[in-house]
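Student: So that we are looking at the same thing, I have put the structure below in structure tokens.
The values are calculated or read from the model by the stated rules, or taken from the named source; none is laboratory data. No experiment lies behind these values; they were computed from the predicted model shown. Every residue, glycine as well, gets a Cβ built from its backbone with ideal geometry; the counts of neighbours run over all protein chains shown.
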Amino acid sequence: MHSLTVRVAAASVDATSDLLADAYDALAVSIEDADAGSGAEEPVFDEPGVGDGGRWQRARLTALFSDESAATAAAAGLAADPAGAGAQIESIAPVDDRDWVRLTQSQFGPTEIEPGFWIVPTWSSVPAEASRVIRLDPGMAFGTGTHPTTRMCLRWIARRASQRPTPWPRVLDYGCGSGVLAIAAARFGAAAVDAVDIDPAAIKATQANAIANDVALRAGTADGIDGRYALIVANILATPLKLLAPLLCSRLEASGELVLSGILGAQADALRASYAPWLSLQVTAEQEGWILMTGVLAA
């Protein structure tokens, strides 16, 4: 794994981080005050409930890539793209596992999903107003609960669970990452939950987080799943979601619900077309350019 570190004006943070993630497939992007440790350091950057004073003037973005060539290509692309105008490339460097954990933890704090329902990292205190909490340590896996795609899935699970006359009998979290969606389904009453991922680190993180939250679920690879599910949640990306359409729909029971995220608004029609042979997908939520799509398999 390699990191690309760039310095940008605070006003350009969103555009630059979106470019690195969407166009150059950054695995993660962290943000910090570029003036940290100097006399110009400011304590606040887009913190809820805080006024406009004291915000960062410059930000340092650190994007993680699978290898050095990917980081180098992103740096070259950023330099040539108008969206990257003004960005200063500071470094491209190898990143070890401990640095990845540090970067993750530094950007992850308590997140409110619904009134009273919070995702709280294991290294943070539980907010006083939290009545339903998932404690989370992503470890080496992806999924802190803070990304819009994850928050939309969590919000959907919380709201839909309150509307159902009975809990889901079986739930599948496909591409579980840290296991946060699987744990949420269990917390909201699902009788049985399976969580699958291709990454051994994700499976390990999911198992550890399930224990930490005192919920029962089965975590492993997709080879271990069988039968059909009342709810399938997949928060991945549009391309793999299109390829997975036959598999995911074959695992839904009659009247089973499918929830898909990791999709940009412009990709909605392509997803609808991929799933049309089995069910009709609808956009049911949108946040920061990302959408949540849901569908129900006909009885």
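Each row is one residue, and each column tells you yes or no for (1) of a type in the set (A, V, I, L, M); (2) in the same structural domain as ILE134 (by TED's automatic domain parsing); (3) touching a strand residue (DSSP E or B) at 6+ places or on another chain (Cβ under 7 Å); (4) farther than 25 Å from LEU27 by Cα.
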residue: THR221; (1), (2), (3), (4): no, yes, yes, no
residue: ILE232; (1), (2), (3), (4): yes, yes, yes, no
residue: LEU248; (1), (2), (3), (4): yes, yes, yes, no
residue: LEU279; (1), (2), (3), (4): yes, yes, yes, yes
residue: LEU292; (1), (2), (3), (4): yes, yes, yes, no
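Student: State whether one or more residues within region 54-77 are among the small types (Gly, Ala, Ser), assigned to a loop (DSSP other than H, G, I, E, B) and modelled with pLDDT under 75.
Tutor: Yes, the conditions are met somewhere in region 54-77.
Student: Is at least one residue of region 260-280 closer than 19 Å to ALA195 by Cβ, among the aromatic types (Phe, Trp, Tyr) and modelled with pLDDT of 95 or more?
Tutor: No, every residue in region 260-280 fails to be closer than 19 Å to ALA195 by Cβ, among the aromatic types (Phe, Trp, Tyr) and modelled with pLDDT of 95 or more.
Student: Cβ-Cβ under 6 Å, sequence separation 6+ or interchain: first residue in region 264-284 and small (Gly, Ala, Ser), partner part of a helix (DSSP H, G or I). Which pairs?
Tutor: Pairs found: SER274/LYS242; SER274/ALA245.
Student: With the checklist (1) in contact with a Leu (Cβ under 7 Å, 6 or more places away or on another chain); (2) touching a residue at least 60 places away in the same chain (Cβ under 8 Å) in hand, flag the one item ALA238 doesn't pass.
Tutor: Failed condition: (2).
Student: Yes or no: GLU42 at pLDDT below 55 and touching a Gly at 6+ places or on another chain (Cβ under 8 Å)?
Tutor: So GLU42 passes the test.
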